[in-house]
1. With +1 on each Lys and Arg Cβ and -1 on each Asp and Glu Cβ, and nothing else charged, work out how big the dipole of the range 486-571 is about its Cα centre, in Debye to the nearest 20.
2. What order, most packed first, do the peptides 407-417, 544-554, 195-205 have when packing is the mean number of other Cβ atoms within 10 Å of each residue?
3. Answer rounded, prolate or oblate for the range 526-619, using the Cα gyration tensor with square roots of eigenvalues a ≥ b ≥ c: rounded when a/c is under 1.5, else prolate when a/b is larger than b/c, else oblate.
4. Mind grabbing the accessible area of residue 625 for me, 1.4 Å probe, Å², rounded to tens?
5. For an R0 of 35 angstrom, estimate the FRET efficiency from the Cβ-Cβ distance between residue 376 and residue 209 and round to the nearest 0.05.
6. Stretched out fully, how many nm does the piece from residue 592 to residue 51 gain, at 0.36 nm a residue minus the Cα gap?
7. Under the 0.36 nm per residue contour assumption, what length would be gained going from the current alpha-carbon distance of residue 66 and residue 190 to full extension?
8. For the pair residue 622/residue 162, report the inter-label distance in nm, with labels modelled 7 Å from Cα in the Cβ direction.
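The values are calculated or read from the model by the stated rules, or taken from the named source; none is laboratory data. Please read these numbers as outputs of a predicted model, since none were measured by experiment. FYI the Cβ positions are ideal-geometry reconstructions off the backbone, even for glycines, and counts take in every protein chain you see. Accessible surface areas use protein heavy atoms only, side chains included; no ligands, DNA or RNA. Shrake-Rupley method; radii C 1.70, N 1.55, O 1.52, S 1.80 Å.
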Amino acid sequence: MTAPAPSPADTNEFWGRAQERLTEASGLLTRVRRISTARLAVVVVALALALGAGDVGFWSLWWVLVPVALFVWLAFVHERLLTRARGVHHVAQLYHRAAIRVDRDTEGEAGSPDTPAAAIRRGGTPAHRNTVDEDHRLADRRHRVSDLGESHLGDHLDLFGSGGLFDRLADWRTDTGGETLAGWLLRSAAPEEVAGRQLAIRELGARMEIQETLAATGALEPWPSTRSSVVLDWLAAEGGAGDGPGRPACGPEDTSAAPSGRQPEVLLGVLAVLLSATMLGGLAHWITAGEASFFLAAVSLSAAWGLWLRSQVRDQETVLRLMESEIAGIRQIALSVTSEGFESPLLRGLAERLARAEVALGELERLQVRLAARRNLLFAPLAAMLFWGTHHRWAIERWRRRHQREARGWVRAAGEFDALLALAQYCIERPGHVFPEFDDVPGFEARGLGHPLIPEARLQRNDVRLGRGEADMLIVTGSNMSGKSTLLRTIGVNFVLARMGAPTAATTFRLGPLALGASIAVDDSLQDGVSRFLAELLALKAVLNTGSKEEPLLFLLDEVLQGTNSDDRRAAVAALLRELGRRSAVGVMTTHDLSLTELAHELPGRVRNMHFTERVVDGAMEFDYQLRDGVLARGNALDLMRILDLPAPRGEVADFTSLPAPGRGREN
């Protein structure tokens with residue numbers, strides 16, 4: 001018997017929270033508009049009073065001070081309310097994205113007329129419109145990080161790419177967080193490490209206020225122009241600047257850059273101060289005596305010095321602007337991690353690694369803000385004479401040298417927390433999924449096992465047991481489109497989730513020490529000169545090289561060796577299964593070749609035959625995707641050909657006359 005399906009998350013709960021936040025944000029924006037109107041009214045009244053006082057000859061300084069003070073206070077209130085409204089809107093987007101994902105998980109397509117997500121889209125709320133734009137930016141970031149997933153597991157299990165597992169793992173934001181998740185997907189962690197992640201994910205999942213706090217600061221929003229690699233490259237650079245396209249200078253001091261550690265920075269700083277003093281003295285002489293030659297000479301000398309420094313420019317300011325949003329996000333993550341009293345050892349370890357990050361990154365942010373101040377039109381002339389940019393670039397370079405080593409650790413720690421937060425959100429949105437249990441018994445056992453990417457409305461679950469008192473290997477036959485390949489991907493994807501620390505799509509899931517190898521999606525390559533059969537052999541070689549004595553192989557083989565004749569295939573598969581048995585491997589192999597099922601008699605107790613089949617309901621072919629004992633009695637290939645008016649031999653006529661409706665995850 002297959003275990004009952006767990007209850008999915010309630011989409012209406014997430015949508016209700018999003019709607020509450022949107023209502024709150026709307027109220028705040030209404031107050032912001034009123035404050036803006038009040039500010040305008042203060043200006044108008046102040047001008048009217050000033051003009052009226054002048055006409056009657058009654059003038060007082062209070063006519064200026066009171067309106068100015070009131071205007072400044074209103075400006076402060078306006079900015080505070082606007083910041084709060086933005087934060088509440090960010091939180092609404094967090095819940096809105098969750099509602100969309102949960103709706104797709106439960107209903108299939110989030111466009112069904114009666115689903116809450118469809119109602120969201122019909123309403124066309126600003127949160128939805130922003131989320132759509134956000135999804136495009138996130139897709140670009142996911143595509144960049146997905147390039148890391150080029151491996152045989154990523155290809156065979158559809159871990160990456162559009163609609164893959166990596167794409168579904170909620171809202172990671174930093175590139176380091178995405179890279180961490182990709183690494184966890186591709187490299188199985190030890191059970192002890194998995195247990196630590198599970199504790200951290202459970203704790204974060206039970207404290208949704210952490211995600212709300214980070215979302216309100218904007219730390220969970222997409223950072224479209226930033227990559228964590230830019231930050232890491234800048235920290236590792238010799239001169240503190242990244243390699244990027246050149247930018248025109250804005251003045252004498254705008255072409256300067258931070259000197260390298262080999263340059264006499266102190267002497268250059270003294271020279272900059274002397275040149276600044278010379279220009280200011282020349283300007284004062286020009287104003288008092290009307291003589292401009294000394295000032296012009298000082299400006300010319302300063303410009304020449306700036307051009308000399310230009311050879312060392314590596315577009316440091318451009319790199320700093322690229323890093324600005326990510327630095328702010330990492331600082332907010334560090335502030336959240338260090339201010340919370342976590343219980344799990346992993347989160348406490350991250351808090352220790354980020355203990356100094358908030359203060360140090362705050363210092364860097366202030367230096368960046370002051371550096372950008374020189375672009376203010378009113379301040380720019382004075383900034384040029386003070387070599388404002390030069391001094392602040394040197395200050396930033398000193399910060400980089402002082403925090404270079406530990407800052408790289410901060411970026412990676414923030415990325416790890418980002419990845420854990422994404423898995424915690426995934427766990428919240430999948431309350432029916434269970435965390436796996438690990439033991440020292442080699443084997444695989446799952447009840448109510450389903451594919452996590454197939455919506456609950458169409459998902460069928462099966463019980464799978466490999467080893468642990470049952471047969472080590474299953475040979476699964478089945479008619480076309482009955483679910484054989486999906487079964488393999490279901491086992492593989494849930495194994496990946498289990499070994500990365502995430503919950504699995506099952507009611508119970510137990511796993512012993514195993515290493516996963518798969519050969520499912522095999523294609524030829526004209527560019528590489530690889531035939532399909534050779535590609536399959538190479539995939540099998542990779543699978544056989546996966547296991548070890550400490551971690552026996554869990555193999556997933558789809559239509560094994562179908563590129564050769566039946567006699568060779570049967571002999572090869574028999575040898576393959578014997579070798580896998582010698583290595584204490586467990587796994588599943590699917591095939592259309594019924595002669596391979598005879599191997600269950602040659603290897604009794606080690607190999608078991610199971611199958612999928614179809615049924616006929618009102619003349620239509622339907623699949624229940626239930627795994628059954630024994631060998632498939634009758635295929636459907638010829639029947640499918642006749643339905644599609646393809647040439648087929650005459651014979652027994654099928655009971656069905658139409659094909660099943662297509663659905664994601666039901667292709668094989």
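1. On the way: 8 positive and 10 negative charges, 78 e Å.
In debye, rounded to 20, the range 486-571 gives about 380.
2. Numbers: 407-417: 22.4, 544-554: 16.7, 195-205: 20.6.
In descending order of packing, they fall as 407-417, 195-205, 544-554.
3. On the way: a/c = 1.70, a/b = 1.15, b/c = 1.48.
It comes out oblate by the Cα gyration axes.
4. Approximately 30 Å² of residue 625 is accessible to the 1.4 Å probe.
5. Details: r = 38 Å, r/R0 = 1.08.
The formula returns an efficiency of 0.40 here.
6. 185.3 nm
7. Details: separation 124, 0.36 × 124 = 44.64 nm, distance 6.76 nm.
Working it through step by step, the gained length comes to 37.9 nm.
8. 3.2 nm
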